[in-house]
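The structure under discussion is supplied below as structure tokens; questions concerning it will follow.
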Amino acid sequence: MSTWLITHPACLEHDTGPGHPERRARLEAIEQALDDPAFATLTRVQAPLAPENAIARLHERDYIAHIDATIPARGRASLNADTVVSPGSGLAARYAAGAGIKAIDALHSGEAQRVFCAVRPPGHHAEPNESMGFCLYNNAAISAFHAREQHGYQRVAVVDFDVHHGNGTQTMLADEPGYLYISLHQHPLFPGTGTRADNRPGNIINLPLAEGTSSADYRQQFHGEAIAELVAFDPDLIIISAGFDAAAADPLAGLTLESDDFGWITDELVAVANYCCAGKICSLLEGGYDLGALGAGVACHVAALMR
Ligand SMILES: [Zn+2]
């Protein structure tokens, strides 16, 4: 069984400026955490650029052009209050999306059974025509559509354990046959969406959690509701929006998970993947802003993917 780690040095060159939580040090913390003999058997692969058409399948061409036009030749510019771009951001975003596409291709060919994409900028807040919450292109949704439309997968599930609701992914997958989106997230919290009122049976499953929810309660909801919905959907591919900002130490949210919880969550998803879809999982990095918790959480996540 082969587990891949896909990244690209260009993802370090998306410079969000001093004091911004979504910073290059996040990827450096992940590299450091995975630079350990326990991860020596990971197959390390460089991401390709995402084809323009794969991005344009989910984002309006005017939006892509707007991002390109906003990216400055020097310094930084803002797409909105919290989403900053620098000269390296365009390539970083295209390699981040390309990592997911490469992952899906490798899962489909059988070269890989599981893949973790250590990429930034993240994606799950990106709407078809709007950047949001540090996200430019919706890497998870782009990967999901690539799997169904280029490789013929029939039932693609996206499971999002980032502490924030993936509003963009929900927008892109809602009412689309053959896709399931499951999100566990703190609510109320940015971006404010993701109540159970948005849920659509077999398509959109939001499981909002109150600030301070314990690890035990989180696990109960994850196993009892998220996993039950996932098994009922019977996916032939599982994509994970892997955010590590539900960690107790994270400065942007108020959940209480520890690194072993991320290992447990991943074990649960691996068990479903082994049962439903020959173990195939593509995991994409989303948030996680405490560097220590991020590195430790990713290490537990990837270790579980390798089991
Ligand atoms: Zn987040």
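The values are calculated or read from the model by the stated rules, or taken from the named source; none is laboratory data. Since this is a predicted model, take the numbers as computed values, not measurements. Don't worry about glycine lacking a Cβ; one is built from the backbone with ideal geometry, like all the others, and counts go over all protein chains shown. Heads up: the accessible areas ignore ligands, DNA and RNA and are worked out on the full protein's heavy atoms, side chains in. Shrake-Rupley method; radii C 1.70, N 1.55, O 1.52, S 1.80 Å.
Out of residues 5 or more away from residue 204 or on other chains, whose amide H comes under 5 Å of its own, with H placed 1.01 Å from N in the peptide plane?
When sequence neighbours closer than 5 places are left aside, the close amide H contacts are 181.
Hey, what does the equivalent ellipsoid look like for the chain, semi-axes from the Cα gyration tensor as sqrt of 5 times each eigenvalue, largest first, whole Å?
25, 21, 21
Assign one of three labels to the stretch 13-72, namely rounded, prolate or oblate, based on the Cα gyration tensor with a ≥ b ≥ c the square roots of its eigenvalues; rounded applies when a/c is under 1.5, prolate when it is not and a/b is larger than b/c, and oblate otherwise.
Oblate is the answer for the stretch 13-72, as a/c is 1.5 or above yet b/c matches or exceeds a/b.
Calculate the translational D of the stretch 105-144 in whole µm² s⁻¹ from Stokes-Einstein, where the hydrodynamic radius comes from the Kirkwood formula applied to all Cα pairs, the temperature is 4 °C and the viscosity 1.567 mPa s.
In µm²/s, the coefficient rounds to 115.
Still on this structure: Quick one: go through the stretch 180-217 and flag any residue whose amide nitrogen is under 16 Å from the point 7 Å out along the Cα-to-Cβ line of residue 267.
Output list for this probe position: 215-217.
Net charge within 14 Å of residue 200 by Cβ-Cβ distance, Lys/Arg positive one each and Asp/Glu negative one each, not counting residue 200 itself?
So the environment of residue 200 carries a net charge of -3.
State whether the stretch 116-173 is rounded, prolate or oblate according to the following rule on the C-alpha gyration tensor (a ≥ b ≥ c being the square roots of its eigenvalues): a/c under 1.5 gives rounded; otherwise a/b larger than b/c gives prolate, and the remaining case gives oblate.
prolate
Could you state the per residue volume, in Å³, of the convex hull enclosing the Cα atoms of the stretch 59-175?
Once divided by residue count, the hull of the stretch 59-175 is 111 Å³.
So, one more: Compute the distance from the alpha-carbon center of the stretch 186-230 to that of the stretch 118-146, in whole Å.
Taking the Cα centre of each part, the stretch 186-230 and the stretch 118-146 sit 20 Å apart.
If contacts are Cα pairs under 8 angstrom and at least 6 residues apart, what is the relative contact order of the chain in percent?
Computed value for the chain: 19 percent relative contact order.
Here is a further query. Evaluated at 37 °C with a viscosity of 0.692 mPa s, what Stokes-Einstein diffusion coefficient in µm²/s does the stretch 71-140 have when Rh comes from the Kirkwood expression over alpha-carbon pairs?
254
Just the C-alpha atoms of the stretch 172-307: what Rg/Rh do they give, with Rh taken as the Kirkwood radius?
My calculation puts Rg/Rh at 0.94.
For the chain, what is the accessible area per residue in Å² when the probe is 1.4 Å?
Computed with neighbouring chains in place, this is 36 Å² per residue.
Let me ask another. How much of the accessible area of the stretch 1-101, in percent, comes from carbon and sulfur atoms when a 1.4 Å probe is used?
Taking all protein chains in place, the stretch 1-101 shows 52 percent carbon and sulfur surface.
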